[in-house]
Structures are given as structure tokens and as C-alpha cells.
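The values are calculated or read from the model by the stated rules, or taken from the named source; none is laboratory data. This is a predicted model, so every value here is computed, not measured. Cβ atoms come from the backbone with ideal geometry, glycine included; neighbour counts cover every protein chain shown. The protein model used for the area step is the full one, side chains on, heavy atoms only, and it has no ligands, DNA or RNA in it. Shrake-Rupley method; radii C 1.70, N 1.55, O 1.52, S 1.80 Å.
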Amino acid sequence: MDLKGLTVGKVLLAPAVDIASEAYAGIVVDRASQRPVMMVSAAGGVDIEEVARETPEKIHKVAIDPRYGLLNHQAMELGFALYKDLQQVRQAAGIFRRLYTAFIAVDASLAEINPLIALPDGTLEAIDAKVNVDDNALFRHPELAELRDPSAEEPAETEAREKGLSYVKLDGSIGCIVNGAGLAMATMDLIKYYGAEPANFLDIGGSSNPEKVVAAMRIILSDPNVDAILFNIFGGITRCDDVANGIVQALDQMDVEVPIVIRLTGTNEKEALEILESVNLPATNSMDEVVRKAIELAAAKTPAGGPR
Amino acid sequence: MSILIDRSTKLAVQGITGRDGSFHARRMRDYGTQVVAGVVPGKGGQLFDDSIPVFDTVAAAVQETGANASVIYVPPRFAADAIYEAADAGIELIVAITEGIPVLEMMRVMAFVRERGTRIVGPNCPGLITPGESKIGILPGNICAPGKVGVVSRSGTLTYEVIHHLTTNGLGQSTCVGIGGDPIVGTSFIDCLEQFDTDPDTKAVVMIGEIGGTDEQEAARYVDGEMRTPVVGFIAGQTAPPGRRMGHAGAIISGSEGTAAEKMTAFRDHGIAVAERPADIVGLIEDALG
């Protein structure tokens with residue numbers, strides 16, 4: 001069975017229940033207030049983002065002080081927003097407190113029950129739930145890190161993560177290798193600005209050694225849509241000569257049939273240019289120029305620097 | 001003039017003997033920053049490079065050297081403790097370079113430091129620089145030049161790209177601040193804009209945002225309502241797909257919130273000229289300076 005393009009490997013079966021009412025309860029990391037915020041809505045079982053957009057007055061929110069956690073009166077207030085019967089309010093408050101405990105225990109960025117239902121006899125039950133875990137916190141939850149299912153990811157994205165690269169596959173034809181997430185996004189945007197589409201987001205990170213560059217090239221080349229590889233490196237912590245050495249090593253190790261265009265500027269730029277010159281790969285120091293060149297060569301599919 | 005740091009800033013480096021800490025301590029000192037102390041538990045009493053005293057605790061460093069700023073190069077699992085310690089020691093400005101601090105940890109940190117009136121820049125940021133005077137963090141000093149343009153950004157290397165364009169076109173900077181790419185950061189766009197607006201020597205500001213969250217939208221309203229200094233904007237991530245984290249923990253479009261298009265529209269609606277390409281920022285700043 002496939003759901004949204006992902007193969008379903010396991011199914012949890014639960015007894016069918018009669019539903020008297022459905023509600024939503026969730027906790028998110030709220031960037032604006034810099035606190036966890038718990039939200040409930042009587043409009044459960046539906047897309048909560050749609051409710052937030054269309055009828056925000058149907059969502060009741062409480063900001064939680066992370067030092068004290070969800071206080072009893074806050075949990076009760078959220079309960080009263082959903083139910084009139086005191087027994088139900090109390091039961092809901094208990095569920096909310098446990099949801100908050102779980103949210104903190106696993107370092108979640110989101111924990112939600114949707115829907116939280118009332119049975120015909122009034123008893124509340126969570127019949128579906130979702131938890132997103134903060135990637136930055138996985139180091140202190142090895143048991144959760146183990147649960148990652150690589151079969152649900154692009155193989156190239158799994159490989160990138162193992163190599164310490166940040167990679168997202170897209171549908172275009174210009175493969176990009178960039179240092180820094182903001183510059184990587186700006187490079188993708190510039191490709192679009194000049195009329196082509198990026199094949200990926202790829203950030204090789206700060207202190208990038210040559211091996212990372214080789215891995216990045218291999219990942220990009222595993223995408224058959226790629227018609228050109230573009231390097232955009234602004235050396236700060238990243239040393240341009242490390243990247244240049246990585247490119248040379250990659251060319252030794254694999255057959256590259258698409259053109260490579262390179263922009264390098266910053267730390268050890270001069271050394272890098274000498275290394276690249278020795279293998280007949282020209283480089284520029286302008287981001288606009290390298291993007292235009294990549295698009296032009298991708299269209300013509302001629303390798304940069306002539307046949308190797 | 002400048003914001004947040006100048007040549008009088010006295011800096012303690014937390015993690016000065018580590019790989020990144022030692023490398024950048026030297027770079028900062030060579031740039032002209034007063035690096036007055038290092039802090040590494042267990043290495044108190046040593047001298048770093050025969051000149052910078054190392055202390056076991058931030059409190060001791062403050063007491064002995066009068067350090068009023070600290071920079072944090074310690075790994076993610078120890079970074080929150082390092083920030084608590086610096087805030088407790090009375091440090092006024094903490095710059096957290098570390099990437100990868102859990103977001104719930106950072107929320108507790110923020111609640112703690114707010115009560116003490118401490119300012120945090122970052123985490124997951126390149127730091128800040130007042131060209132010709134002082135730099136804290138990892139920004140390359142050689143691409144900057146003193147001048148009257150303020151720069152505030154969520155990014156690292158994209159900021160360098162923009163600074164490079166400014167400097168090579170004769171537009172120096174008053175101060176450049178990288179506020180960090182995490183969902184929760186200590187210093188917001190608005191905090192920096194407010195400071196730039198009261199700095200008599202900052203005549204225009206470049207604000208570099210990216211996908212994720214609503215910081216840029218709130219900043220746009222602030223610029224419109226409160227600021228006299230002209231602001232030019234750029235947003236990265238117009239081609240980013242929704243629901244995917246683009247490197248930075250904070251760079252993610254959730255549902256339909258936090259897109260580049262939405263932020264660019266907010267900028268334009270509130271009188272902020274928007275650059276389509278990083279290179280176009282130069283022309284817009286020249287226009288703003290008149």
C-alpha cells in the first residue's frame with residue numbers, strides 16, 4: 001500500500017469507536033513568543049492549519065513557561081474551551097498535561113492529538129496523534145534516532161545526511177554545491193531568476209574537507225536530471241583550496257559527463273585557482289556569472305574546460 | 001559609531017582551546033578585538049598564545065579582566081550551560097556561534113537570560129563586526145570596510161556575499177550582525193533595526209531574511225511604523241519547497257506560512273525596497289543614501 005508516494009510497512013489496528021464529538025489538541029514551538037504554545041479547537045478531525053487560516057477564533061491558545069511547564073489552571077482553561085461537563089474538562093486537562101510531558105520528554109517540535117474524541121458515554125480518547133522530533137535534539141535520544149526509516153527518504157538524501165551534508169532534491173537541471181544554507185538558497189533563486197531550475201539544495205557546511213566535496217559530487221551526479229554542476233563557495237571558515245582539492249579528487253574518482261562551473265572567493269582563493277588551473281577548470285569570482293554560465297552550458301551540454 | 005560592539009568591547013572566549021575557538025580567538029585578536037580572557041573548565045591559570053589568560057569560570061574571567069562580552073564556541077550539548085554561566089557572571093552580550101542547540105533548551109535559556117537583561121546574539125550565527133574596530137565570531141574581517149550601512153541577516157555566507165558587494169562598490173558598513181538561522185534566536189531583526197535607527201552614523205540598513213517564521217513580516221511593520229533610517233531587503237528561498245528544512249533549523253516553510261513571496265510582499269507593502277538578486281542591493285542602497 002502506498003500513501004502520498006511512501007510505502008506503508010506497518011499498520012496499527014485499533015478497535016472502531018462511535019464518535020460523539022471531535023476536537024484538536026496540539027503543542028508547537030512558537031517562534032514569536034519563544035515558548036511552547038498549546039492549542040485546542042472544537043473543530044477537530046480536520047486540517048488545523050485551515051482552521052487557523054479561515055476561522056482563527058475557533059482556536060484557543062495558551063503560551064507555556066518552559067521553566068514551570070503546563071500549569072493546572074492552564075490545562076483546565078483549555079479543557080473548558082472544549083467541554084462544558086466538568087468531568088470531561090478534568091479528563092481533558094489530564095490528557096493535555098500528559099501530552100506536554102511527552103512533548104518535553106522527546107524534545108518534540110510538535111505533538112498533537114487529532115482527533116481527540118468523545119465517546120457517546122462522554123469518555124475522551126485520543127484516536128490519532130503525530131509527533132515531530134527536533135533534529136538538533138536527537139543526540140540525546142538515541143532510541144528515537146534509531147527509529148528513522150531511510151526507506152521513506154530519497155536514497156541520495158540519506159547518503160547526504162550520513163556524510164554531514166544538507167541536501168534536498170528538487171526537479172530542475174542545475175546541480176548546486178554551496179557552502180552555507182542562505183547562500184545555497186540564494187543560488188537556487190538566482191538560477192530561477194536567469195530562467196532555469198535548480199536540481200537541488202546542497203550545503204556542504206562550514207569546515208568542509210575535500211571528502212565532503214567528493215560525496216557532494218557523487219550525490220549530485222546520482223540525479224539523472226542534472227545537466228550541469230555549479231559550485232558557489234564564499235570562503236570564510238571554508239577554505240577555497242579544500243574545495244578545489246575535493247573537485248580534483250572527485251574528477252579522478254568518477255566520470256563526470258556534465259559541465260562543471262565554479263565560483264570561488266574568500267579564504268585561500270588564490271591557492272584554489274592554481275589547483276583548478278592545473279586540471280584545466282576555469283573559475284570565476286562572481287555569483288551572477290557562474291549561474292549564467294551553468295545555464296548556458298547545461299543547455300548546450302558541453303563540458304567546461306574541454307574534453308578530459 | 002556602531003551598534004552592540006566597538007573598540008571598547010572586552011571579550012571572553014568560551015572554549016578558547018578547542019579547534020574553532022582557538023582559530024577564531026586568534027583571528028579576532030588580529031582584527032583588533034580586545035580578547036581579554038579565555039574560559040575552559042580545568043585550564044584556569046594557563047596562558048593562550050602566551051598572552052591571553054585562561055580561567056576556569058566566566059565569573060573569574062569577569063572579575064579579573066572586566067570582560068563584558070563573551071563568545072561561545074562549545075559543542076551543542078554544552079552550549080546551553082555555557083550561556084547560563086555567562087549570563088550569571090554578568091556578561092552583557094553573549095554571542096553563541098554553536099549550531100545544533102535543541103530548541104526546547106534554547107527556550108529555557110531565553111527565559112533565564114531575559115530576567116537578567118543579558119543580550120544573546122545567535123545561536124547558529126556568524127557573529128557580528130564593527131569594521132575597523134572589533135569583531136566577535138567568524139565573519140571574515142577582510143571583506144568589510146568601515147562606513148554607514150548597517151547589515152542584519154539570518155544567514156552566514158549569504159551575508160558575506162552582500163557585504164562583499166557593498167565593500168567592492170565603496171559602501172562601507174557601520175556594524176554587520178548575523179542574528180542566526182535557528183527558530184529561536186536571542187536578538188531579532190527588530191532589536192537590531194531599533195539600534196541602527198538610533199545610531200547617528202548608520203544612514204541605511206540592509207535586512208537579509210529567509211524562509212520560515214514571521215520575523216521579517218514583523219520587522220517590516222516596525223520599519224514602516226517606527227523607523228526613520230531607510231531599509232533595503234533581500235529574502236532567500238523563493239525556490240524552496242514547503243515542509244523541507246533548508247539547512248538552517250529555522251528555514252522551513254510550515255504549511256503556507258513563512259514563504260519568501262509572503263515576506264517580499266510584506267517588505268514592499270511597508271516601504272522596504274526589495275532586491276531580486278544580492279547584487280541589486282548595491283543600487284538600492286545607493287538610492288536610499290541619495
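Observations on the model:
- Meets criteria (open to solvent by 50 Å² or more (accessible area, probe 1.4 Å) and free of Cβ contacts under 8 Å to residues at least 12 places away in the same chain) for A:Glu22: no
- If only residues of the range B:186-198 that are closer than 17 Å to B:Asp6 by Cβ and out of contact with any Gly (no Cβ under 7 Å at 6 or more places or on another chain) are counted, the one that is surrounded by the fewest Cβ atoms within 10 Å (Cβ to Cβ) is B:Thr198.
- Some residue of the range A:133-156 being more than 9 Å from chain B (Cβ to nearest Cβ), without any contact (Cβ under 8 Å) to a residue 60 or more places away in the chain and part of a strand (DSSP E or B): yes
- Taking residues in the range B:144-170 that are over 13 Å from A:Gly266 (Cβ atoms), and partners anywhere that are open to solvent by 10 Å² or more (accessible area, probe 1.4 Å) and modelled with pLDDT under 95, the pairs with Cβ atoms closer than 6 Å and at least 6 places apart or on different chains are B:Lys148/B:Asp201.
- Condition check for B:Leu104: farther than 19 Å from B:Ala37 by Cα and out of contact with any Phe, Trp or Tyr (no Cβ under 6 Å at 6 or more places or on another chain): yes
- Meeting the requirement of 3 or more residues that are among the charged types (D, E, K, R) and surrounded by fewer than 24 Cβ atoms within 10 Å (Cβ to Cβ), no strands (runs of 3 or more DSSP E) wholly within the range B:26-135 can be named.
- B:Ser155 meets each of the listed conditions (1) small (Gly, Ala, Ser); (2) open to solvent by 10 Å² or more (accessible area, probe 1.4 Å); (3) at pLDDT below 95; (4) in the same structural domain as B:Gly209 (by TED's automatic domain parsing) apart from (2).
- Complete set of residues in the range A:227-236 that are within 16 Å of A:Ile260 (Cβ to Cβ) and either open to solvent by less than 10 Å² (accessible area, probe 1.4 Å) or outside the structural domain of A:Lys293 (by TED's automatic domain parsing) (or both): A:Ala228, A:Ile229, A:Leu230, A:Phe231, A:Asn232, A:Ile233
- Candidates are the residues of the range B:253-262 that are more than 10 Å from chain A (Cβ to nearest Cβ) and part of a loop (DSSP other than H, G, I, E, B); the one that is most open to solvent (accessible area, probe 1.4 Å) is B:Thr259.
- Selection within the range A:116-133 - of a type outside the set (Gly, Ala, Ser) and either in contact with a helix residue (DSSP H, G or I) (Cβ under 6 Å, 6 or more places away or on another chain) or within 14 Å of A:Ile27 (Cα to Cα) (or both): A:Leu116, A:Leu124, A:Lys130, A:Val131, A:Asn132, A:Val133
- Members of the range A:76-109 found to be outside any helix (DSSP H, G or I) and either away from every other protein chain (no Cβ under 14 Å) or open to solvent by 30 Å² or more (accessible area, probe 1.4 Å) (or both), listed by number: A:Tyr83, A:Lys84, A:Asp85, A:Val106, A:Ser109
- Test result for A:Ala16, more than 19 Å from A:Val89 (Cβ to Cβ), in a loop (DSSP other than H, G, I, E, B) and either assigned by TED's automatic domain parsing to the domain that holds A:Ile117 or without any contact (Cβ under 8 Å) to a residue 60 or more places away in the chain (or both): yes
- Scanning the range B:218-239 for residues that are open to solvent by 10 Å² or more (accessible area, probe 1.4 Å) and facing another protein chain (nearest Cβ under 7 Å) returns B:Gln238, B:Thr239.
- The sole residue among B:Val162, B:Val149, B:Val185 that is more than 10 Å from every other protein chain (Cβ to nearest Cβ) and either in a strand (DSSP E or B) or at pLDDT 95 or above (or both) is B:Val149.
- Subset of the range B:128-166 [within 17 Å of B:Phe196 (Cβ to Cβ), within 9 Å of the chain's Cα centre (by Cα) and not aliphatic (A, V, I, L, M)]: B:Ser153, B:Arg154
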